[in-house]
Amino acid sequence: MLENFWFNVNYGIKHVLDPNGYDHVLFLMVLAVPYIFKDWKRVLILVSMFTLGHTLSLVLAAYGVVTINGKLVEFLIPVTILIAAVYNIFTAGKKERKGLGVLFATTLFFGLIHGFGFAREFKMFAGQSENKLELLIEFALGIEIAQVIIVFVVLFLGFLMQTVFRFSRRDWVMVLSSIVVGLVIPMILESDLLKH
């Protein structure tokens, strides 16, 4: 029982930290980069909204409620990352981010899209499992753990850049978000949806 639990949690962690599927990491980078350590509660809520959206789409897919076009999702995932990165670039240096509700809702929606991107693989992983819900919760826990690790690393790098290397907060947000933009544009252009 406990062995299964850890296997499923570990599977969730590996899903996020998979070097071949680094889109998840890129999204978390642009989600966390505008914040500093004292904002940890807000960042944790944002990360949890993303996990909730991701899990919700897996539930919908695992129980056959929704079927989504894989090529469309593959295209939309980097688009969501691009939107978040561009938003950071245009709001970098602003004192307080307005519309938190909009930010949380958008993060939840992006989580839904990212979850649909993993739905087919998850259905194969769940197979004929008797208790898909338990599996989903354990997997979601693994996702949440991995996301908290990534967010901590991004916040720590931000702390280093701003204290040791004297980057302004605005410049740090602009630089990291611009790097992410440079990484996701080729992902969008190479998506199967645009090739046909």
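Brief remarks follow.
- The Rg/Rh ratio for the range 90-163 is 1.11, where Rg is the radius of gyration of the alpha carbons and Rh is the Kirkwood radius.
- Between the range 1-20 and the range 43-105, the Cα center-to-center distance that results, in Å: 22
- Modelled spin-label separation between ILE89 and ASN69, with each label point placed 7 Å from Cα along the Cα-to-Cβ direction: 2.7 nm.
- Distribution of pairwise C-alpha distances over the range 65-196, 10 Å bins, in %: 10, 30, 35, 19, 5, 0
- Förster radius 35 Å - calculated FRET efficiency between PHE156 and GLU134, Cβ distance, rounded to 0.05: 0.55
- Which listed pairs, of LYS94/LYS132; LYS14/LYS95; LYS14/LYS195; LYS123/LYS195; LYS14/LYS41; LYS94/LYS123, have C-alpha distances above 32 Å, in listed order: LYS94/LYS132; LYS14/LYS95; LYS94/LYS123
- Within the range 118-182, chymotrypsin sites (Phe, Trp or Tyr not before Pro) in DSSP loop having at most 13 other beta-carbon neighbours inside 10 Å: PHE165
- Accessible surface of VAL151, taken over heavy atoms with a 1.4 Å probe and every protein chain present, rounds to 10 Å².
- PHE7 accessible area, assembled protein chains, probe 1.4 Å, Å²: 120
- Residue-level accessible surface for ARG169, protein heavy atoms, 1.4 Å, Å²: 100
- Taking every Cα-Cα distance in the range 1-105 and sorting them into 5 Å bins starting at zero, the pair-distance distribution P(r) comes out as 2, 9, 15, 23, 20, 14, 9, 5, 2, 0 percent.
- Under 18 Å from the LEU194 label point (7 Å along Cα→beta-carbon), backbone N, the range 7-42: 22-24, 26-27
- Counted residue by residue at 0.36 nm each, then reduced by the alpha carbon distance between them, the extension gain from ARG120 to VAL102 reaches 3.6 nm.
- Net dipole in debye of the chain [+1 Lys, Arg Cβ; -1 Asp, Glu Cβ; about Cα centre; nearest 20]: 880
- Using the 1.4 Å probe convention, the accessible area of the chain works out to 55 Å² per residue with neighbouring protein chains retained.
- Of the DSSP H helices in the chain, those whose Cα atoms cover at least 24 Å axially and whose Kyte score averages 0.5 or more: 40-62, 70-91, 100-126, 132-163, 169-189
The values are calculated or read from the model by the stated rules, or taken from the named source; none is laboratory data. Being a predicted model, the structure only gives us computed values, none of them experimental. A quick note on method: Cβ atoms are made from the backbone with ideal geometry, for glycine too, and the neighbour counts reach across all protein chains shown. Side chains included, ligands, DNA and RNA excluded: accessible areas come from the protein's heavy atoms. Shrake-Rupley method; radii C 1.70, N 1.55, O 1.52, S 1.80 Å.
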